[in-house]
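J.: Structure provided below as structure tokens; questions to follow.
The values are calculated or read from the model by the stated rules, or taken from the named source; none is laboratory data. Here the structure is a predicted model, which means the values were calculated and not measured. Using ideal geometry, Cβ is built from the backbone for each residue, glycine included, and neighbour counts are taken over all protein chains shown.
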Amino acid sequence: MALSPSLLYGLTGLMLFVIGLAALFTSPQLLGKILAVNIMASGIFLFLITLAHGSGTLIDPVPQAMVLTGIVVSVSSTAVALALLCRIEAAARPPAHLPKKKDEARQG
Amino acid sequence: MVNSGRKRVSPAHRPWLLLVLLLLFFAALAWVYLVPGSVPGGLARQVDASLVASGVSSRVTAVLLNFRAYDTLLECFILLLGVMVVWSLRSAGTTEPRQPAVGAILAALERLLLPLMILVAGYLLWAGSSQAGGAFQAGAILGGAGVLLLLDSSPFLDILPKKALVWGITLAPLFFLAVGVAALTQGRPFLTYRFQEASLVIVALEVAAAFSIGLCLATLFAGRLPEYESEPAQDKFAAKRGE
Amino acid sequence: MNLSPDSSAWIIWPVVVPLLGAVVCFLYKKKPRLAGHFFAVVTCGTSTVLGWQVLSQGVGRHLLGGWSPPLGISLRADGPAALMVMMTAVTGLGITLYSGGYFQSRLAGDSQDHRFRAQEQSFWPLWLLLWAALNGLFLSGDIFNIYISLELVALSSVGLTVLSGKPPSLVAAMRYLLVSLLGSLTFLLGVGFFYKAHGTLELAVISKALAPTPPVIMALALVSVGLMLKTALFPFHFWLPPAHANALAPVSAILSALVIKGSWYLFYRFWQGGGLLAAVGIVPALLGSVAIIWGAFQAFSQQRLKMLVAYSTVAQIGYLFVAFPLLVDSAGQGRDALFYFAISHSCAKAAMFLAAGTFFLQLGHDRIRDLAGVRQLLPVSSFAFALGGVSLMGLPPSGGFIAKYLLVSKAISQDLWWLALIAVVGSGLTAVYVFRAVSSVLSPHLLEERPLLVVAASMQWSALALALLAIVLGIMAPLPLALLEVT
């Protein structure tokens, strides 16, 4: 079977999904895990796009619409994850913030 | 929690095991993807057959805003939900002041790009009904323009009246619901457009969606409530009271 | 336009009303509690209409946009879907009434605190959006639309989990979010493979045509693993106890009673066709069996009441999966057992979490050994907690008893003795940890601590109403079972 560009993209997408999965399991940092999830999502989108070219000349717009919707969903969940990460970081080290405030007060 | 570390610790200790497992997983995925089977051919034909009735000539736009408009409605709600959660996370007064780090390059870039971005967004919106483009692309570019402004520490989210910001964010979800319910009250299924009005409704929905998406993206990037909303820090009491 | 005659408008209202409610609560910040109650009651009403219509007129379909599948998206209300919508409505109404009292009590205790006000302002829109997403999930007939609904459920659940703001709940919410995203993405990849294999996104077509070809098996495996992650079936349960136990009281109830049922219900939807069930239905059953035993042991060894109740959820999720091999033949008793577990667990677990939350609010802690005497302070809540425990154990005449009776008799009739044995052993183990908690709650010890604040009556009575419903479900069993027959 000839490896058409479309198939190559599909395989790349699946590979990205698996790479993201590996990073999600092994990354020690939360930010790394969030990025890993993003890579997985990108891989799936690439895979879905190739489905649009599945049948001959007609390009199927439904997978394209699915990807557009999926991207927005992924943006929203990433934003929530990053905001949550900031909040965890802020809650994890209050001592680091306190002296800073004192310094600022002195300067002011 | 005895069991909580299980999933994390073991792969870290045995990276080769994880590697082998994931390679096997990839091999399975790739094999299934490449295995020749009966190809049903997707929905391209159905979309083409109904394209005339949809009110737009772009097939992706027809899918997004007519055939599968309910997906798009829920998607607008996901963006709204993202803003809600991010705001609720930041409402406890943990925002750190932004450093005003405006370089000359950024300022110049902004002057050049902002009008262009708004123009391109408008064009994409207009092009969306017949070719590639549409509400999401336009919204993304508008969001990008907002991000550029925020990078410049331009407080446009703070200057904007609170009411305007909140209504702008909820514009697309509300408009979608209104269109859907209007169809229901006239005895048609949810989100059904009359043929003669379809193009107009779709364009209006696209404009609203692009606007709200752009605003949501910029707000998500800012990641905080506008300044006037932040309450004085009351966390000391809160922490003591538990829950 | 493909206007179809079978487009019943009553199907869409249980989704539209809470969506609108969420936006209104988001915009109208002055009295979110009032708006929240109003939209919760209306949602409950529209859900009841849906249940009644399905019961009297049979399966309903709503073709969104007037396009019939596979081009468009359809909503489909059959018996199981209607039962889940009704379960969400009833449990949701109880939780809503409790939440009103909960925020009222906390604000009355410390009216200066902006934090509680902000919590309440965020709670109502998130809760209504979650409700809408769950209803959308139960009714949706399109697998990509289900993916979006799943994400809506996940993000709003995470938003609700972080409301408490305590560091443990933040970390738990982060883990919950990551697991949820992993589950959704796995599900989405499965959706992609289904689309490749079938060329359609319609759930009814896909679940009927589960042929054992490689793409379909891969798709089903991906979808199932994604949904098991989200339902926290053993061994994917690790994220659930901290997330559920560290949330605000009403949020714990929402997560444990309702949210996990969403992904579990989808699991049922994908497998209900039965094609592959005979071959691999044993896998969810085995995982469920381990969950029942493991969850019970973990629950028993907890020091905090809310952690105990959360681990009990891990164990009860096991029951939601053990009956899957029984779905193979079409007599429907296996399905009845599954759904009876779901609805009685929903009422009982909501009651227990709400009562535990009331104890926490009143005492400032939920250490099990220091709870003695709480029944003098909160007699109604204590009674509700005990009644919820009765239903979990499966004592007659509770809903839990009917579920276990259906399960055991069906398992024996199919010569699956080990399954019946697991169910009975699980009941015994449940009794052990429930007794441990209940004996502490009901012990006649005098409490020295003074209550922290006055608890609103609605907090106590809403929990009791749900607990009583969990019991009454055993007596009124014919009604839900008749609804389930509509397919």
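J.: Any residue that is of a type outside the set (S, T, N, Q), more than 14 Å from chain C (Cβ to nearest Cβ), closer than 29 Å to C:Ala9 by Cα and crowded, with 24+ Cβ neighbours inside 10 Å - is there at least one of those in region B:199-206?
T.: Yes, region B:199-206 contains a residue that is of a type outside the set (S, T, N, Q), more than 14 Å from chain C (Cβ to nearest Cβ), closer than 29 Å to C:Ala9 by Cα and crowded, with 24+ Cβ neighbours inside 10 Å.
J.: For residues that are more than 20 Å from C:Ser256 (Cβ to Cβ), more than 12 Å from chain B (Cβ to nearest Cβ) and in a helix (DSSP H, G or I), tally how many sit in region C:358-382.
T.: Residues flagged as more than 20 Å from C:Ser256 (Cβ to Cβ), more than 12 Å from chain B (Cβ to nearest Cβ) and in a helix (DSSP H, G or I) within region C:358-382 amount to 8.
J.: Further question: Could you run through region B:52-66 and say how many residues are part of a helix (DSSP H, G or I) and touching a Ser or Thr at 6+ places or on another chain (Cβ under 7 Å)?
T.: 5
J.: Among all residue pairs at least 6 apart or on different chains, which show Cβ distances below 7 Å where the first residue, located in region B:17-37, is more than 7 Å from every other protein chain (Cβ to nearest Cβ) and the second is modelled with pLDDT of 95 or more?
T.: Close Cβ pairs (under 7 Å, with a partner that is modelled with pLDDT of 95 or more) do not exist here.
J.: Keeping to region C:196-238, report how many residues are assigned to a loop (DSSP other than H, G, I, E, B) and touching a His at 6+ places or on another chain (Cβ under 7 Å).
T.: Result for region C:196-238: 1.
So that you can scan it fast, the table gives a plain yes or no per residue for (1) in the same structural domain as B:Leu165 (by TED's automatic domain parsing); (2) surrounded by fewer than 23 Cβ atoms within 10 Å (Cβ to Cβ); (3) modelled with pLDDT of 90 or more:
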{"site": "B:Leu29", "(1), (2), (3)": "no, yes, yes"}
{"site": "B:Gly42", "(1), (2), (3)": "no, no, no"}
{"site": "B:Ala62", "(1), (2), (3)": "yes, no, yes"}
{"site": "B:Leu65", "(1), (2), (3)": "yes, no, yes"}
{"site": "B:Leu73", "(1), (2), (3)": "yes, no, yes"}
{"site": "B:Gly82", "(1), (2), (3)": "yes, no, yes"}
{"site": "B:Arg90", "(1), (2), (3)": "yes, yes, no"}
{"site": "B:Thr94", "(1), (2), (3)": "yes, yes, no"}
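J.: Checking the structure you have, find out if any residue of region C:316-333 is of a type in the set (Asp, Glu), within 30 Å of C:Val454 (Cβ to Cβ) and outside the structural domain of C:Val90 (by TED's automatic domain parsing).
T.: No; the residues of region C:316-333 include none that is of a type in the set (Asp, Glu), within 30 Å of C:Val454 (Cβ to Cβ) and outside the structural domain of C:Val90 (by TED's automatic domain parsing).
J.: Scan region A:21-54 residue by residue and report those that are of a type in the set (Gly, Ala, Ser), within 8 Å of another protein chain (Cβ to nearest Cβ) and farther than 20 Å from C:Leu201 by Cα.
T.: Within region A:21-54, just A:Ala22 meets the criteria.
J.: Okay, moving on. As an exercise: evaluate C:Leu473 against (1) part of a helix (DSSP H, G or I); (2) within 19 Å of C:Gly288 (Cβ to Cβ) and give the number of the one condition it does not meet.
T.: The one condition C:Leu473 does not meet is (2).
J.: Quick check on my filter: what residues within region C:48-68 are buried (at least 22 other Cβ atoms within 10 Å of the Cβ) and touching a Phe, Trp or Tyr at 6+ places or on another chain (Cβ under 6 Å)?
T.: C:Leu50, C:Leu64, C:Trp67
J.: Taking the condition surrounded by fewer than 18 Cβ atoms within 10 Å (Cβ to Cβ), modelled with pLDDT of 80 or more and away from every other protein chain (no Cβ under 12 Å), does B:Leu114 pass?
T.: yes
J.: I'd like the full set of residues that are buried (at least 19 other Cβ atoms within 10 Å of the Cβ) and touching a residue at least 60 places away in the same chain (Cβ under 8 Å), limited to region C:387-403.
T.: C:Leu387, C:Gly388, C:Val390, C:Ser391, C:Leu392, C:Ser398, C:Gly399, C:Gly400, C:Phe401, C:Ile402, C:Ala403 - these are the residues of region C:387-403 that are buried (at least 19 other Cβ atoms within 10 Å of the Cβ) and touching a residue at least 60 places away in the same chain (Cβ under 8 Å).
J.: Would you be able to tell me the number of residues in region A:10-20 that are of a type in the set (Val, Ile, Thr) and at the interface with chain B (Cβ under 8 Å from one of its Cβ atoms)?
T.: 1
J.: Please go through region C:58-74 and give me each residue that is touching a residue at least 40 places away in the same chain (Cβ under 8 Å) and either assigned to a helix (DSSP H, G or I) or among the basic types (Lys, Arg) (or both), ordered by number.
T.: Result: C:Arg61, C:Leu64, C:Gly66.
J.: Shifting gears a bit: In this structure, is C:Ile260 buried (at least 24 other Cβ atoms within 10 Å of the Cβ) and away from every other protein chain (no Cβ under 14 Å)?
T.: Considered against the rule, which asks whether it is buried (at least 24 other Cβ atoms within 10 Å of the Cβ) and away from every other protein chain (no Cβ under 14 Å), C:Ile260 comes out as yes.
J.: Does C:Gly45 count as crowded, with 20+ Cβ neighbours inside 10 Å, at pLDDT 90 or above and assigned to a helix (DSSP H, G or I)?
T.: The answer is no for C:Gly45.
J.: Using the structure shown, decide if C:Ser427 is under 24 Å from C:Pro250 (Cβ atoms) and among the polar types (S, T, N, Q).
T.: For C:Ser427, the condition - under 24 Å from C:Pro250 (Cβ atoms) and among the polar types (S, T, N, Q) - is not met.
J.: Inspect region C:379-397 for any residue being hydrophobic (A, V, I, L, M, F, W, C) and within 16 Å of the chain's Cα centre (by Cα) and give the result as yes or no.
T.: Yes: one or more hits.
J.: So, one more: What's the number of the condition B:Ser50 fails, among (1) facing chain C (nearest Cβ under 7 Å); (2) crowded, with 24+ Cβ neighbours inside 10 Å; (3) of a type in the set (Ser, Thr, Tyr)?
T.: (2)
J.: C:Leu152 versus (1) closer than 21 Å to C:Ala243 by Cα; (2) out of contact with any helix residue (DSSP H, G or I) (no Cβ under 8 Å at 6 or more places or on another chain): which is the lone unmet condition?
T.: Failed condition: (2).
J.: For C:Tyr268, only one of the following conditions fails: (1) of a type outside the set (Asp, Glu); (2) more than 24 Å from C:Ser427 (Cβ to Cβ); (3) part of a helix (DSSP H, G or I). What is its number?
T.: (2)
Residues checked against (1) closer than 21 Å to C:Ala285 by Cα; (2) facing chain B (nearest Cβ under 9 Å); (3) buried (at least 24 other Cβ atoms within 10 Å of the Cβ); (4) at pLDDT below 95:
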site: C:Gly165; (1), (2), (3), (4): no, yes, no, yes
site: C:Leu185; (1), (2), (3), (4): no, no, yes, no
site: C:Leu188; (1), (2), (3), (4): no, no, yes, no
site: C:Ala209; (1), (2), (3), (4): no, no, no, yes
site: C:Pro214; (1), (2), (3), (4): no, yes, no, yes
site: C:Met218; (1), (2), (3), (4): yes, yes, no, yes
site: C:Leu233; (1), (2), (3), (4): yes, no, yes, yes
site: C:Pro242; (1), (2), (3), (4): no, yes, no, yes
site: C:Ala245; (1), (2), (3), (4): no, no, yes, yes
